[in-house]
Structure formats: C-alpha cells, structure tokens
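Visitor: The following block contains the structure, expressed as structure tokens.
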Amino acid sequence: MEPVDWPEGSELLVEKVPAGENIGLSEEDWKDDPESIAAWIAAVENIQPLVWAEGEEEEYVRFRENFRQFNLGAVREQMEQMPDSDAP
C-alpha cells in the first residue's frame with residue numbers, strides 16, 4: 001500500500017456493499033496446501049513496518065494505557081456489583 005497524493009479538498013466516495021455480497025474469503029476458499037501456505041508466509045514477511053509521525057507513537061502508548069485503566073476500572077466495578085455467590 002502506498003500513500004496517496006490527492007489535492008487538498010479531494011472528495012472520497014464511500015459506497016454501501018449490497019446485502020448478501022461476500023467480502024474476503026469464504027471457508028472453502030482457504031487453502032492449506034504447501035504452495036498456499038508459502039504464499040501467505042511471503043505476504044506476511046513483506047509487510048512493511050509502521051511509520052509513526054512525530055508524537056504519534058507516544059500518543060498511541062498513552063491511549064493504550066488509558067484504555068487499559070478504563071477496562072480495569074469497569075471490570076472492578078462489575079465485580080463489586082456481583083452477588084457474593086457469583087464472585088470468582
């Protein structure tokens with residue numbers, strides 16, 4: 001995937017996928033023969049590393065920690081509201 005060089009103000013068209021239309025592979029399309037597995041391995045090994053703009057990685061780390069703390073608090077609150085017989 002390559003960055004796009006669209007002029008400022010370019011419009012993006014987003015279209016709804018018709019109901020019932022499949023996106024991606026179905027179970028029967030997945031292959032596990034040696035050639036298919038080799039192709040998947042090659043594709044994964046070709047994935048380029050993420051390039052962070054200045055400050056993005058630190059922002060992401062802060063977001064992840066805030067999200068983790070929020071989830072811990074939510075689980076604690078749920079556990080406190082459980083009857084004693086249901087508590088783990």
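The values are calculated or read from the model by the stated rules, or taken from the named source; none is laboratory data. Just so we're clear, the structure is a prediction, and the values are computed from it rather than from any experiment. Ideal geometry is used to build each Cβ from the backbone, glycine not excepted, and the neighbour counts take in all protein chains shown.
For every residue, the table says whether it meets (1) out of contact with any Ser or Thr (no Cβ under 7 Å at 6 or more places or on another chain); (2) charged (D, E, K, R); (3) modelled with pLDDT under 95.
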| residue | (1), (2), (3) |
| --- | --- |
| Val4 | yes, no, yes |
| Pro7 | yes, no, yes |
| Glu28 | yes, yes, yes |
| Ala53 | yes, no, yes |
| Asn66 | yes, no, no |
| Asn71 | yes, no, no |
| Met79 | yes, no, yes |
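Visitor: Here's something else I'd like to know. For region 60-86, how many residues meet the condition of being of a type in the set (Asp, Glu) and under 30 Å from Pro3 (Cα atoms)? Spell out how you get there, then give the answer.
Guide: Start the filter on region 60-86 by keeping residues that are of a type in the set (Asp, Glu), which leaves 65, 77, 80, 84, 86.
So of that shortlist, the ones also under 30 Å from Pro3 (Cα atoms) come out as 65.
So the answer is 1.
Visitor: Still on this model: With the requirement that a residue be assigned to a helix (DSSP H, G or I) and farther than 22 Å from Glu2 by Cα, what does region 27-59 give you?
Guide: Quick first cut of region 27-59, residues assigned to a helix (DSSP H, G or I) only: 27-29, 34-45, 56-59.
The answer is Glu27, Glu28, Asp29, Pro34, Glu35, Ser36, Ile37, Ala38, Glu58, Glu59.
Visitor: Which one of the conditions (1) within 20 Å of the chain's Cα centre (by Cα); (2) modelled with pLDDT under 90; (3) not β-branched (Val, Ile, Thr) does Gln48 fail to meet, given that it meets all the rest?
Guide: Evaluating Gln48 over (1) within 20 Å of the chain's Cα centre (by Cα); (2) modelled with pLDDT under 90; (3) not β-branched (Val, Ile, Thr) leaves (2) as the failure.
Visitor: Of the residues that make up region 9-18, is at least one charged (D, E, K, R) and part of a helix (DSSP H, G or I)? Talk me through it step by step, then tell me what you get.
Guide: Restricting attention to region 9-18, the residues satisfying the condition of being charged (D, E, K, R) are 11, 15-16.
Adding the requirement that they be part of a helix (DSSP H, G or I) leaves none.
Checking region 9-18: not a single residue is charged (D, E, K, R) and part of a helix (DSSP H, G or I).
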